[in-house]
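Before any comments, here is the structure.
The values are calculated or read from the model by the stated rules, or taken from the named source; none is laboratory data. All values reported here derive from a predicted model rather than from experimental measurement. For neighbour counting, all protein chains shown are included, and Cβ atoms are generated from backbone atoms with ideal geometry for every residue, glycine included. The protein model used for the area step is the full one, side chains on, heavy atoms only, and it has no ligands, DNA or RNA in it. Shrake-Rupley method; radii C 1.70, N 1.55, O 1.52, S 1.80 Å.
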Amino acid sequence: MSWKTKSNLAWLGALPGVKEDEPLASRTSFGIGGPAEFFLELARPEAIEKALDGCRQRGIPYLLLGAGTNLLVADKGVEGLVVRVVNREHEIDGTRVRAGAGLKMMRLARIVADANLRGFEFAIGVPGTVGGAVYQDAGCWGKEMREVLVEAEGFVPGKGRQRWTAPALELGYRTSALRDGDLKGALVVSATVHLQRGDGEEARQLMARLTRERSETQPIKTKNCGSVFKNPPGDSAGRLVQAGGLKGARKGNAAVSTLHGNFIVNEGGATAADVRRLIEHVMAEVKRRFGVQLEPEVEMVGRWR
Ligand code: EPU
């Protein structure tokens, strides 16, 4: 039976602050995707948690959205409720920093450098939020969230608030228990990282240099979703795409970046279907030419059929 009963729709429509048929394209870095049937964005997690409990009880599907930087939303949009918590507070206690899940990683990188803390410079290359970075062990320049994470606080619908130690979150290269394991569907509320005391000016200089380098190797000014594929063990997806002559390949208005082979760029008006067809084309070609099965890193959500 569909979850779309009169009573469920009425309940969703009555959630304080909820919007119906809310466009999601502008809430993703790709700038692609149809609307959320119901959309709820709040600065405080409590009301979101209540809504998630309700969804669980009523069998209503929901999607947790962060900054939308690693997401491909289907053209037909997303069924059920899409929620976004934009809690951006932070608290520094010695070398420990607790940050709200809605804070951007790049912003936190600057905050901790200004507090003379080191070890978080890699976050200047991570476009998403703290919550999203925990969800998929985001990283850059060979350093990942799991190397600094101490614990996270979150919410499991039906079970309430929980505190997860770093090992319990099972972080690994672009994966975690939240994305692929037991904690699927749980909301990250905040995360605590452990850093080192150091010279903030040095941290800022390093971040400026890394950002310069990134702007030379990645199409950071375009509409994209970061790396499209995970790097296969011992190799790099970008190298394989380039070796396969696939840079510049296109479907509709989506094109493989000519700068970095592991990026797909929305050149304006690309559809999710364009991007998906291009992803499938690249995977098939890389498989045919090199026998390597690429695995998408970008998460595809919503109604594809
Ligand atoms: N390369 C090519 N052709 C290309 C692109 C890359 O030959 O078109 C080669 C490079 O010369 C280099 C190797 O491939 O020898 C690796 O490339 P790069 O240093 O650009 O890093 P990457 O492995 O493609 C990873 C992360 C990025 C992160 C960068 C920088 C993954 C899937 N990607 O990219 O993360 O920004 O390192 O540290 O692990 C993301 O996850 O969304 C993301 C952007």
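Hey, what did the range 90-216 get for relative contact order, percent, Cα under 8 Å, at least 6 apart?
So the answer I get is 32 percent.
Give the dimensionless ratio obtained when the Cα radius of gyration of the range 4-44 is divided by 2.2 N^0.38 Å.
Dividing the Cα radius of gyration by 2.2 N^0.38 Å gives 1.31.
Using every pair of alpha-carbon atoms in the range 90-216, split the distances into 10 Å bins beginning at 0 and state the percent of pairs per bin, rounded to integers.
14, 47, 29, 9, 1
In whole Å, what are the Cα extents of the range 6-85 along the three principal axes, biggest one first?
Result, largest extent first: 33, 27, 18 Å.
Hey, if we sort Asp75, Asp53 by accessible area with the 1.4 Å probe, largest down, what's the order?
Asp75, Asp53
In a GNM of the chain with a 10 Å cut-off on Cα contacts, which of Gln242, Gln205, Gln162 has the highest mean-square fluctuation?
Top of the fluctuation ranking is Gln205.
So how much accessible area does Arg179 have, in Å² to the nearest 10, using a 1.4 Å probe?
30 Å²
Suppose all protein chains stay in the model; what accessible area per residue would a 1.4 Å probe give for the range 90-216, in Å²?
Per-residue accessible area for the range 90-216 comes out at 44 Å².
How do Lys6, Lys287, Lys184, Lys247 rank by accessible surface area computed with a 1.4 Å probe, from largest to smallest?
Lys6, Lys184, Lys287, Lys247
If DNA, RNA and ligands are ignored and the probe is 1.4 Å, what is the ranking of Met283, Met1 by accessible area, most exposed first?
Output order, biggest surface exposure first: Met1, Met283.
For the pairs Lys184/Lys230; Lys4/Lys104; Lys19/Lys251, note any where the Cα-Cα span goes beyond 25 Å.
Among Lys184/Lys230; Lys4/Lys104; Lys19/Lys251, the Cα-Cα distance tops 25 Å for Lys4/Lys104; Lys19/Lys251.
Over the chain, with every protein chain in place, what whole percent of the accessible area is carbon and sulfur at 1.4 Å, could you tell me?
So the carbon and sulfur contribution to the accessible surface is 48 percent.
For the chain, divide the Cα radius of gyration by the Kirkwood radius and give the resulting Rg/Rh value with two decimals.
Result: Rg/Rh = 0.97.
Would you mind pulling out the separation of the Cα centroids of the range 94-109 and the range 113-133, in Å?
7 Å
Sorted from largest down, what three extents in whole angstroms do the Cα atoms of the range 219-293 have along their principal axes?
33, 22, 18
Using alpha carbon centroids, what distance separates the range 134-180 and the range 23-73, in Å?
19 Å
Between Rg and the Kirkwood Rh of the range 28-149, both from Cα atoms, what is the Rg to Rh ratio?
Radius of gyration relative to Kirkwood radius: 1.02.
I'm checking a number: the convex hull volume of the Cα atoms of the range 176-305, normalised per residue, in Å³. What is it?
177 Å³
Sorted by packing (mean other beta-carbon atoms within 10 Å per residue), highest first, where do 151-161, 99-109 land?
99-109, 151-161
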